[in-house]
1. Under 5 Å between amide H atoms, partner at least 5 residues away or on a different chain: which partners does V10 have, H built in plane at 1.01 Å?
2. With axes computed from alpha carbons, what is the tilt in degrees of helix 611-624 against the longest principal axis of the chain, rounded to the nearest 10 within 0 to 90?
3. Return the Rg/Rh value of segment 382-551, two decimal places, where both radii are evaluated on C-alpha atoms and Rh is the Kirkwood radius.
4. Using only Cα atoms and rounding to the nearest 10 degrees, what angle (0 to 90) does helix 212-222 make with the longest principal axis of the chain?
5. Could you size up the charge dipole of the chain around its Cα centre, putting +1 on the beta carbon of Lys and Arg and -1 on that of Asp and Glu, and report it in debye to the nearest 20?
6. Mind checking Rg over Rh on segment 744-937, alpha carbons, Kirkwood formula for Rh?
7. Taking Cα atoms, how many degrees apart are the long axis of helix 386-397 and the longest axis of the chain, rounded to 10 and kept between 0 and 90?
8. Would you report the distance distribution of C-alpha pairs in segment 718-842 as whole percents per 5 angstrom bin, up to the bin with the largest distance?
Amino acid sequence: MFDPSPIPRVFAQAPGVDFPKAVVDGLRKRLSDQPPEAMSRVTLFVNTTRMARRMAALFDEGEASLLPRIRLITDLGQDASMADLPPAVSPLRRRLEISALVSRLLESQPDLAPRAAIYPLADSLARLMDEMQGEGVHPSDLRELDVSGHADHWRRSLAFVQVVERFFGADGDEPPDLEARQRMVIQRLVDNWGETPPTNPVIVAGSTGSRGATRMFMEAVAMLPQGALILPGFDFDLPRSVWNSMKTTLTASDHPQFRYRSLMDAIGLTHSDIRTWHSVDAPAPRRNALVSLALRPAPVTDQWQEEGPAFEGVEQATKGLTLIEAPSPRAEAASIALILRQAADAGRTAALITPDRVLTRQVTAALDRWGIRPDDSAGRPLPLSAPGRLLRHVSDMRGRTLSGVDLLTLLKHPLTHSGADRGDHLRLTRDLELEALRKNMPFPNERNLFDWAKHKEDRGPWVKWIVSILAELADSSSDALTDHVTHVIDIAEKIAAGSAASGSGGLWEREAGREAAHISGELMREAEHGGDMSVADFHSLFTGVLNRGEVRDPNEPHPLIRIWGTLEARVQGLDLAILASLNEGVWPEKPGADPWMNRDMRDKVGLLLPDREIGLSAHDFQQAIGAPEVVLTRATRDDEAETVPSRWMNRITYLLQGMSNEGMAALQGMRDRGNAWLTLARRLDAPQEHVHRKPQAKRPAPRPPVADRPPDLSFTEVAKLIRDPYAVYASRILCLRPLDPLHQEPDAALRGTAIHDALERFVNERVEGETPVEQRSRLLQTARDVFEEKAPWPAARLMWLAKLERAADAFLADEATRMNAARTIFTEQKGRAQIGPNGFILHGRADRIDRLNDGSLAIYDYKTGSVPTKKQQLAYDKQLLLEAMVARHGGFENVGRAATSMVAYIGLGSDAKTTEVPVDIDTLDRIEEEFVSIIAEFGVRSRGYESRRVVFRSSAQFAGDFDHLARFGEWDHSDAAHAEDVGG
């Protein structure tokens, strides 16, 4: 196939060329004059499965012929000649072994790192070990480094590296890792070829040789009599001077072509020795030249000043380029979705190329409105699928007290109770949420769940199933990893099966379930190597293991619309490429922090620099931007701050700006084309003026029929009727009530209720002859007991008790005065009386009524919040005065008819004081007259229930329970009420 050559054969294709097609076409052309069986003698090595599939498909599209052997480089170890080599150990097993070793190291030296970092450290160590084995670096090489300036840090690093040194041993006690075995395989292959080189053609296509073992294989193939390399995305426009400037790893490893310079040095070639594999023109040769100039290494960027103004064909170079600088990630995703939709309508092949998985999910969601399902090469992370989420929830909830939110998270999961009777399960879940979890069950337990279930017969078996799950989740013991995995799987299967079935429900079904079963099964098989661990350590490990799984969409994707990672840009074959999320930290991704060695140490020992990943990303970018038509996108701001454009975006834009007027015009044209898409995206989501747009709401004042108006009100509802009549209309006439929060917290309302109960118990259990010290002690102990019952939040109980303790002395001093003035004390007294027209009933509950020594009454209310002033009590907050009015009518059964001489609020908040309002006959006559008047006023149809009539703070929006219903905000307090008849 190849003529004899004094130098290794290295071919290449320019960026943007459809690389797999060029390889296939070039191979056919070279063997066009050979017999048919010549093609079958060719072995073609590629680096990805997608590349192999594409090449096989291209061969199938042509004339019928024999095919070459298309193999992955990673499959070399499967050859029969390698059968005697020990099999590679599972990567998961190796990470578990390292986790166990790191755990023991931290037990002996706890100052090295926190235990929460065990699995991340093990994962990082495993990656370091893979890299060392791939690059042929032994731990002994690390000990020979000169680290005089980093002695303390290096001591810590070596402590961890020594943990994994046993896996580098040559005695064969430990099976090799994948990288170690791959290097052993390639080394044996190279040795065999040195003795008996293959006579048939061997070609490596599509690899850049960025990893040590792969490059060693490529060097060996290049030296074969019939061996050749075909490099993707080779920059033929790069001048000799630039190639010569890329000499050191420390200064040039972030350049897209540095891998090729390093490879050429290893096999003794220069850039002029690299020949084109197949004579096919790049889709945009002038664009390739522009990008080549823009991406010059930093030390020679000053060449822009000379070559930039002299660059020819700027308009041609940017003709197929569009630049979208979106104001937000959402706008970026919307514009990309529109572009992909247009491509699908036009029958063009298009791909979104980005490392940003959040953006790809947003674009996929945006495409769903048109029913376009892209072919996403990465799939969806397993932890985001239904089985993955359920397994994560179970792992996370083990060993801790579950809140109502946690319980509902499990009960409402789509796989829960999928074994049978899911409809009944959802009904019972709804009832439990509304009747208990949102009421008084912040932390469900066996006792209060069974108390709720006893009211209806069908709840018993279902609650028993929930209680059994809670009991299993409560286990927080440290066990072997095998036991932890078994426990999580058993609980997850029990949840999925439900209370009426056995088995595992739908947990392991469909693609996501099968992937979850595969990952869980692998962890179970290797769990014996993980040792013992706590529940918290297991959760960290289990989450990391689940993150390794990916789920492919089972539905048939659109044949023309794809989502690729950056590596797949080499596969090409596109009409349109969208290069998205071009911001620093995303593309290129910010190099991860290396906890082991700095750049200089890595370079000295022969390991890869962090810049290597940036260089690989730069090569992917250079390859992708050479497509026939390209859209470059970025968001100028994310959820937190302004973003920084990708270094490649900055270089291209700065170069164009500095070229000439032609460059500025070309850049503006790119932006204009991008702005057109942003405008379309905005118009797509903008509300349409002509489509049933409702007018702005007016301030409501509904007027229901008199017969539907409430015949009674409580003491607190009267204040609402005065300040916000609409709230009474919504609650009493429409029968609406606000939904209690699911995530219950120790808020002010609960604190008030708890303190009321504590004071009621304290007053009712008073002891004659108590000293002030004994009273204070009993008050605080009573509060402590009540808080323990009412508030299952230890921190909140302590805070409440501390606040009450600060107010205790003032309260007890006033209480002594009240006790001396009273001969009988009534607490929590219900009262009702017919007052007003048509037998209107006023009712409610009084916190405390004292019958004073002179026979009159003193009515008190405990306040943990702000206490109403005397003016507020007389004008609006008339609760205590209304209670005095009911007492005058004999509405409190145990108290009897009596006159009230005083009402007061007993403050127990930050301002611990008692606010008294003296009451006489004239005051009560006036209060009753006002009450009768307002009841009579609302007893006629013409009086509407106005929203927010006299609110305490007019500026507070949505402060009331029904302000949303009244659409407050579309109107303000200066608007007149819009009275409107409603109902019959």
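1. Under 5 Å from the amide H of V10: L229, R275.
2. Helix 611-624 and the main axis of the chain meet at about 80 degrees.
3. Numbers: Rg = 16.0 Å, Rh = 16.4 Å.
That ratio equals 0.98.
4. Once rounded, the angle reads 30 degrees.
5. On the way: 120 positive and 141 negative charges, 362 e Å.
So the magnitude is around 1740 debye.
6. Details: Rg = 17.5 Å, Rh = 17.6 Å.
Using Cα coordinates only, the ratio equals 0.99.
7. 60
8. Calculated P(r), rounded to whole percents: 2, 8, 14, 15, 14, 13, 13, 11, 7, 3, 1.
None of the figures in this text is laboratory data; all of them are computed from the coordinates on show. If you're wondering where the values come from, they're calculated on a predicted model, not measured in any experiment. No Cβ is skipped: glycine too gets one built from the backbone with ideal geometry, and neighbour counts run over all protein chains shown.
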